[in-house]
Amino acid sequence: MTLLAPGNKLLFQGPDWNFDLIRRVHDACGEIAINEMGLDPYPNQIEVITTEQMLDAYASTGMPLFYRHWSFGKEFARNEALYRKGYQGLAYEIVINSNPCLVYIMEENSAMMQTLVIAHAGYGHSHFFKNNYVFKQWTDADGILDYLEFARGLIAKFEDRYGHEEVERVLDAAHALQSHGIHRFPRKRMPDLRSEQRREEERRLHGEQLFNDLWRTVPVGKRKSGKDDDARRKALLGLPEENLLYFLEKTAPRLAPWQREILRMVRMINQYFYPQRQTKVMNEGCATYVHHRVMTRLHEKGQIDDGAFLEFLHSHTSVVMQPDFDDRRYLGINPYALGFAMCCDIDRICTNPTDEDREWMPDIAGNGDAYGTLRNIWANFRDESFVSQYLSPQCIRDFGLFNVHDDEAVEDMNVSAIHDERGYRKIRRALSKRYDVAYSDPDIQIVDVDLAGDRKLILSHRVLDGMTLEGGDADKVLQHVADLWGYDVKLVEADDSGVVRAEYSASPRRPFM
């Protein structure tokens, strides 16, 4: 490492770094992010990891502690092969929504890159995790690491007691259903994850009350049920229910207590990730905007030199590049590009608005408080509402966005929205809809159970905009539902008019031990 002369304001010169430099860089970034931008992040715990550890983190969805499952090893082997052959790079950092906020940085990073990722993850993402209402509502940052450690120990205990193969079967089924194992609307305060070990013991001792009440009242013989019986049965079961794992955990008649605990564990972890799916554009936009402002201010204050700043700009522009639709690299709208552009656009509207800005966003145009406005938006919106309310005509023009209507019954596509007042509003609504997870995920719900007869479980899929399920995938996933339920299951796919588009059925394979 190049030694700096006494009194030199530069944090570093050259690519080399040590742990004392990491501490000084962290403090310098915090001086800008907290004292100038008004951010309120979690305390940071920064850990340096190797390439192998980064690949391992990729395999386990970025979490530092996870239970064992064959799918994680498969993902590790895939990413490692792509990385070794040069087909795939690695992230410069991974950040965990926990308190303290865990920031994993690569040991191969240069001093400039370490500064960038600390600003991006340790202050940008950390502030967003701590303050956004979706994360506050759905995650327990204080308890997630303890819960992951508990989950890993629980799976290991079950493997020793019941056998690796049996535990893996339950995990396979739970993983197949994990995207349908979340509550999309808050019912009550999320449980304290640190109390889960004690609660697991209580559940083991006392059983599932809903399960006991349900199956104690099942009629001995088959009889014709009336409307009152149907209403009572559905009320007791809480139907319709969109959280498939929750329903199976509570009511599947043939599952053992340890199998119910696995379903609960998988859905609790998946619920933790649910806010990240709703806020990808905002979260990355916030972190990218923060690192851009922090690095720019460090350069303005003479704490990084021109060479480091040019290195930063090269990396930053690569991150926020939006390939054209006919570019081989095009994979849709880059969330970093859109999020950063919208944050910069809001900054411009607050400080230097045009007449168009005042017409479209009168509440924030010219208020002179860009940082305060952005902090408020980062705290109170998710991607869907963020795009719906703050995607400006200027930003639409910069990205060259327009709306195309593709009707499968018509040979030609129709450009339905261009750059005029009506078109801007239609483009904004259409793009906002694409970030609504309720729109992008299939609406599958459990709607009935034949308790008095063959105990068949009935599910429904509401077809939206003509998007039906892929038959092969539907058959495979429904098989997992049948295995967990223990009896036959049927899925009916129908549109809003009630027209049935498809039906799927499955019977359980060999019962779980």
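Key figures for this structure:
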| quantity | calculated |
| --- | --- |
| Hey, Ala370 of a type in the set (Gly, Ala, Ser), over 30 Å from Val481 (Cα atoms), surrounded by fewer than 18 Cβ atoms within 10 Å (Cβ to Cβ) and within 30 Å of the chain's Cα centre (by Cα) or not | no |
| Residue satisfying condition, being within 30 Å of Cys395 (Cα to Cα), hydrophobic (A, V, I, L, M, F, W, C), surrounded by 14 or more Cβ atoms within 10 Å (Cβ to Cβ) and touching a Leu at 6+ places or on another chain (Cβ under 8 Å), within set Leu431, Leu459, Leu484, Leu478 | Leu431 |
| Cβ pairs under 9 Å, 6+ apart, first in segment 322-336 and closer than 18 Å to Gly285 by Cα, second assigned to a loop (DSSP other than H, G, I, E, B) and among the basic types (Lys, Arg) | Pro323/Arg329 |
| Qualifying residue in segment 56-79 (condition: out of contact with any helix residue (DSSP H, G or I) (no Cβ under 9 Å at 6 or more places or on another chain) and modelled with pLDDT of 65 or more) | yes |
| Which listed residue is outside the structural domain of Arg382 (by TED's automatic domain parsing), among the basic types (Lys, Arg) and under 31 Å from the mean Cα position of the chain (by Cα), from Arg462, Arg455 | Arg462 |
| Those residues of segment 9-39 which are charged (D, E, K, R) and either touching a Phe, Trp or Tyr at 6+ places or on another chain (Cβ under 6 Å) or exposed (fewer than 13 other Cβ atoms within 10 Å of the Cβ) (or both), in sequence order | Lys9, Asp16, Asp20, Arg23, Asp27, Glu36 |
| Qualifying residue in segment 106-113 (condition: modelled with pLDDT of 80 or more, among the acidic types (Asp, Glu), in a loop (DSSP other than H, G, I, E, B) and over 30 Å from Phe185 (Cβ atoms)) | yes |
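The values are calculated or read from the model by the stated rules, or taken from the named source; none is laboratory data. Computed from a predicted model, the values in this text were never measured in an experiment. Neighbour counts are summed over all protein chains in view; Cβ atoms, including those assigned to glycine, are modelled from backbone coordinates with ideal geometry.
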